[in-house]
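The values are calculated or read from the model by the stated rules, or taken from the named source; none is laboratory data. This is a predicted model, so every value here is computed, not measured. For neighbour counting, all protein chains shown are included, and Cβ atoms are generated from backbone atoms with ideal geometry for every residue, glycine included.
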Amino acid sequence: MVGGVLFLAFPFVGLVGYLFLYLGLPDRDYPVLYVLYGVSSVVAFLLVPVGMVGIHVLQRHSYGREALFGFWLVVVGSLVVLGGVVFFTLGESEDVLQATPPLVWVALGLLGLVVGLVSMVVGFALYGVATLQAKVLPRWCGVAFIAALPVALALSVSLHFSSMFLVFGLAWLALGYALWARREALAMQQPRRVR
């Protein structure tokens, strides 16, 4: 759920940056925004595999190999996307690691973003189908796995880049809540031990 909140916060950090530009605040205030944006993006993308592990632990006895393959595609894909963001950021800040041309870092970053996002889309689709078949979580969770990232990517192309984070953040927040609610329901069903 924390990852979903951080994904939802991305567009607002960007909005604050535009507000800084509009108000003409000094350039020295911008690095704070970049650090906040960078740290929150790293934590959010690291929490995707953590959330997937929680959902996998809940459903692991209810599905087969295709779900496990989808699980690993999502985990590895989210880490590759994170690496792509880091490489792209290194390419944008030209004074870091001057031995390598910035264009190389940007190219590696874009390659990581594309490969990671494709891996996540395929992995979420496989995992969503397996979630629908497992019937451990509500049906909408499987649909969210299948549809959230493609819809988010389509909206980012047609509307604005930040809309991707809003859609994916809402879906990830809802999936985290479903996992948490399921855990609470299981805890309530277990009988207490008699001392």
Inset, instruction - Evaluate the stretch 39-62: report whether one residue or more is among the small types (G, A, S), at pLDDT 75 or above and more than 24 Å from the chain's Cα centre (by Cα). - result: yes
Legend entry - Residue in the stretch 119-141 that is farthest from F69 (Cα to Cα), counting only those that are surrounded by fewer than 20 Cβ atoms within 10 Å (Cβ to Cβ) and within 17 Å of the chain's Cα centre (by Cα): V121
Inset, instruction - Could you grab me the full set of residues in the stretch 82-118 that are loosely packed, with under 14 Cβ neighbours inside 10 Å and modelled with pLDDT under 85? - result: E92, S93, E94, D95, V96, L97, Q98, A99, T100, P101, L103, V104
Inset, instruction - Those residues that are buried (at least 21 other Cβ atoms within 10 Å of the Cβ) and either of a type outside the set (A, V, I, L, M, F, W, C) or not in a helix (DSSP H, G or I) (or both), I need them from the stretch 143-177; list them, please. - result: G169
Inset, instruction - Considering only the stretch 61-71, state which residues are without any contact (Cβ under 8 Å) to a residue 60 or more places away in the chain and either surrounded by 17 or more Cβ atoms within 10 Å (Cβ to Cβ) or not in a helix (DSSP H, G or I) (or both). - result: H61, F71
